[in-house]
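First up is the structure itself, then whatever we jot down about it.
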Amino acid sequence: MNSKYNVAVIGGGVIGVCSAYYLAQKGLKIILIEKGEIASGCSSGNAGLIVPSHAMPLASPGVLGDRLRWLLDAESPFYIKPRFELALFNWLVRFVRASRQKVMLRSLPILRNLLFASAALYDDLADTAGFYFGYEGDGSLWVCLSEERLERERHEVQLLERSKIPARIVTRSEVHDLEPALLPEVVGGVFYPNDGHIDPQHFVVGLAEKARQLGVEICTQTEVLGFEASKRKITCIQTTSGNVHAEQIVLAAGVWSTEMARALNLRLPIQAAKGYSITLKNPPSPPKLPLLFGEARVAVNPLGYALRLAGTLEMAGMDLSINKRRVETIRKSSSAYLAGIEDAKVIETWCGLRPCTPDGLPIISQSKNFRNLIIAAGHAMLGMSLGPITGKLVSQLACQEKTDQDLSLLREERY
């Protein structure tokens with residue numbers, strides 16, 4: 001590798017790759033450093049849904065309802081494995097505080113603006129990037145098995161509509177017209193016309209190749225060992241492939257950003273939340289639209305060549321072991337909505353660690369302690385949805401341009 005760059009990007013997932021791509025479009029000399037392979041972390045087997053509809057932060061008033069009851073149930077959609085850890089305790093305290101109505105209402109428009117801007121960039125990339133990543137933007141369906149659940153969704157739809165997020169309640173007959181693959185037990189749902197889906201692995205790997213063609217030097221199997229710093233500036237990145245010197249550094253390493261920040265005496269309040277997916281051979285009648293199962297909290301991506309079921313939020317620390325019980329829960333609960341799930345052949349079982357902040361908003365920020373460090377982390381379940389807009393904002397920060405979005409509430413120092 002060369003030793004001097006305009007920008008060094010740490011992390012080869014969707015956030016790091018998008019950052020490198022948009023930085024390269026500025027004509028800068030870029031290196032991307034990844035300890036594994038491109039998209040080898042949370043960017044490969046995730047749900048792959050592009051969801052402007054998901055502007056409701058993870059931290060919301062519902063945490064004191066459903067989610068609080070789920071916390072100690074090992075099969076629940078949102079589970080926190082009991083353990084004595086001060087960082088987790090502090091995170092939970094902040095999480096509950098951020099779940100207040102007034103805080104959620106302040107966060108919602110920020111996420112909405114980011115999500116819609118990112119969806120527009122996906123539209124542009126699908127037309128201009130020159131590689132196939134399975135992008136479809138025909139909307140998504142949130143479906144319910146009970147009238148009680150559907151009524152609860154109706155209240156959330158009203159809140160989203162007030163926030164100018166298109167959503168429409170659909171009846172039993174309408175939901176089956178929109179998606180004939182659903183079982184008769186589905187009583188209705190919500191249609192989100194602005195949502196879409198992609199093949200996440202194809203997108204991240206394909207965009208990394210486009211970045212390489214633009215001149216980005218991509219160093220995989222290269223681990224960051226530490227940093228040298230002087231006078232509020234990082235002067236050197238120490239890696240297993242040698243030292244890297246860059247005028248600016250972008251920290252976009254997902255859940256591993258916390259550990260790297262700690263080497264710089266920075267404290268990022270990010271907790272790892274494990275998500276699972278099962279990729280199945282298509283059942284006889286696969287769905288055409290991406291689906292979200294209301295009671296089961298499972299997302300479904302019709303990849304074309306296969307069907308992916310993704311779900312759960314398991315806070316168990318930096319643990320990448322696969323809990324077969326939770327995987328089976330995803331599959332079993334999904335069979336109540338779609339036929340053929342239990343008999344479909346499993347192509348892949350996967351898990352990844354999502355980087356979650358207490359307030360549900362990512363950190364997209366110039367560091368408060370180092371004037372040449374940009375942090376882009378903490379995107380939780382929305383990393384794929386927010387990848388392009390985050391990359392573009394990082395490129396604007398690096399070039400000291402006016403950013404397309406207001407980043408004042410995404411700053412590192414809000415904690």
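The numbers here are math on the coordinates, done by the rules we state, and not lab data. Computed from a predicted structure; not experimentally measured. Note that each Cβ is placed from the backbone with ideal geometry, even for glycine, and that neighbours are counted across all protein chains shown.
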Q: Using a Förster distance of 41 angstrom, determine the FRET efficiency expected from the C-beta separation of VAL346 and HIS155, and round it to 0.05.
A: 0.65
Q: Give me the number: length gained by fully extending ARG162 to LYS402, i.e. 0.36 nm times residue separation minus the C-alpha to C-alpha distance, one decimal in nm.
A: 83.5 nm
Q. Once label points are set 7 Å from the Cα along Cα→Cβ at both VAL96 and LYS281, what is their separation, rounded to one decimal in nm?
A. 4.9
**Q.** Gyration tensor verdict on segment 106-161 (Cα atoms; rounded if a/c is under 1.5, prolate if a/b is larger than b/c, oblate otherwise)
**A.** oblate
(Q) Check which residues have an amide H placed less than 5 Å from TYR79's amide H, if you skip close sequence neighbours. (A) LEU313, GLU314, MET315
Q: Sort the following peptides by mean Cβ neighbour count (other Cβ atoms within 10 Å, averaged over residues), highest first: 189-196, 378-385.
A: 378-385, 189-196
Q: At 0.36 nm per residue, minus the direct Cα-Cα distance, what do GLU185 and LEU320 gain on full extension? Give it in nm, one decimal, please.
A: 45.1 nm
Q. For ALA120 and LEU409, FRET efficiency with R0 = 22 Å and r from the beta-carbon atoms, rounded to 0.05?
A. 0.55
Q | 222 nm mean residue ellipticity, helices alone, for the chain (DSSP H n ≥ 4; -39,500 (n - 2.57); rounded to 500) | A | -9500 deg cm²/dmol
Q. Of the peptides 298-305, 4-11, how do they stack up when ordered by the mean number of other Cβ atoms within 10 Å, highest first?
A. 4-11, 298-305
Q. Which entries in LYS210/LYS392; LYS35/LYS324; LYS233/LYS368; LYS35/LYS274; LYS288/LYS345 show an alpha-carbon gap greater than 21 Å?
A. LYS35/LYS324
(Q) What whole-number distance in Å separates the alpha-carbon centres of segment 144-178 and segment 233-261? (A) 44
**Q.** Packing-based order for 126-134, 272-280, using average beta carbon neighbours within 10 Å, highest first
**A.** 272-280, 126-134
Q: Give me the aspartates and glutamates in straight-line cross-link reach of LYS29: C-alpha distance below 17 Å, same-chain residues under 8 apart excluded.
A: GLU209, GLU217, GLU247
